[in-house]
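Structure first, then comments.
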Amino acid sequence: MPDAFLIVDDDPDVLKAAAAALAREAGRIDTAIAPDDLEDRAHLYDAVLLDMNFVPGARDGAAGLDSLARLHTADAALSVVLMTTYGGVALAVQALKRGAADFVLKPWRNEALADVMRAAAALTAERRASGVALTLEELERRAIARALSVYEGNVSHAAAALGLTRPALYRRMERHGL
C-alpha cells in the first residue's frame, strides 16, 4: 500500500511546494494550514511533515513542539518530521529529543525532503509492525548520536546543545555504547 503523508504549514505556497516534491513518494498527500485536530487523523498517515511556527512572528518552534507532543499522544508510532525557516542546531536537537523523526530546514532540496519522508514512513511502518514505539532510551541514544554528528564529535558542544554537562553526556554515551 502506498504511503500517506500529511503536510502542515500555514503558508499555502510551502504546502504546494512540499506536496509537489513528495508527489512520487506517496499514494496520498493531504495538507493542512493549521495543526488543529491532528490527533483525530494521526492514524491515517505514515508520516507527517510539520511546520514549527504557526503564530505570526513566532520563531521559537513552540507551536510545532506542542503539536508533535499531541501527535505522539494520539499515535506513538507515527513519525513526524519538523521543519522551519528559523532553525538552528539547538532547536533541531530539542525536536529530536522530543521524538521527531527528523528535522528539515526551509528551503529544502526536493530529493533530500523525499529521502527524509521515505525514511520517516519506513520508521512508522516498523514501529506499527512491532507494535512498539521507540523507547525513551532509544530516543535519548538517537538524540545524543545526532548531536555528536552535528558537532562533528565535539562533546562540549554536543553537551551544551543537549542541555547536559560534559560528565553527564560522557556517562550517557557510555551507557548507550556511543
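The values are calculated or read from the model by the stated rules, or taken from the named source; none is laboratory data. Because the structure is predicted, anything quoted here is derived from the model rather than measured. Heads up, the Cβs are rebuilt from the backbone with ideal geometry, glycines too, and the neighbour counts pull from every protein chain shown. Just the protein is used for accessible areas: all its heavy atoms, side chains included, with ligands, DNA and RNA removed. Shrake-Rupley method; radii C 1.70, N 1.55, O 1.52, S 1.80 Å.
A compact table of results
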| read-out | value |
| --- | --- |
| Interatomic Cα distance distribution for the stretch 48-123, bins of 10 angstrom, percent | 21, 55, 23, 1 |
| FRET efficiency for Asp11 and Ala145, using Cβ-Cβ distance with R0 set to 30 Å, rounded to 0.05 | 0.40 |
| The chain - Kirkwood radius from inverse mean 1/r over Cα pairs (Å) | 16.6 Å |
| Choice from Val155, Val104, Val116 showing the highest fluctuation, given a GNM over the chain with Cα pairs closer than 10 Å | Val155 |
| Ala122 paired with His176, simple spin-label distance in nm, labels 7 Å along Cα-to-beta-carbon | 2.0 nm |
| Ellipsoid semi-axes in whole angstrom, largest first, where each is sqrt(5λ) of the Cα gyration tensor of the stretch 133-178 | 16, 11, 9 |
| Distance between the stretch 1-37 and the stretch 45-76 - C-alpha centres, whole angstrom | 14 Å |
| Ordering of 121-128, 77-84, 42-49, 171-178 by packing [mean C-beta count within 10 Å, highest first] | 77-84, 42-49, 121-128, 171-178 |
| Convex hull projection area averaged over all views, the stretch 68-170, Cα basis, nm² | 6.8 nm² |
| Segment Asp66-Arg28, extension gain: residue separation times 0.36 nm, minus the distance between their alpha carbons | 11.2 nm |
| Acute angle (nearest 10 degrees) that the helix 110-130 long axis makes with the longest principal axis of the chain, alpha-carbon atoms | 80 degrees |
| The chain: angle of helix 136-150 to the longest principal axis, Cα-based, in degrees nearest 10 | 80 degrees |
| With Cα atoms, 0 to 90° folded angle of helix 62-74 axis to the chain main axis | 80 degrees |
| Accessible carbon and sulfur surface of the stretch 1-144 relative to its total accessible area, %, 1.4 Å | 54 percent |
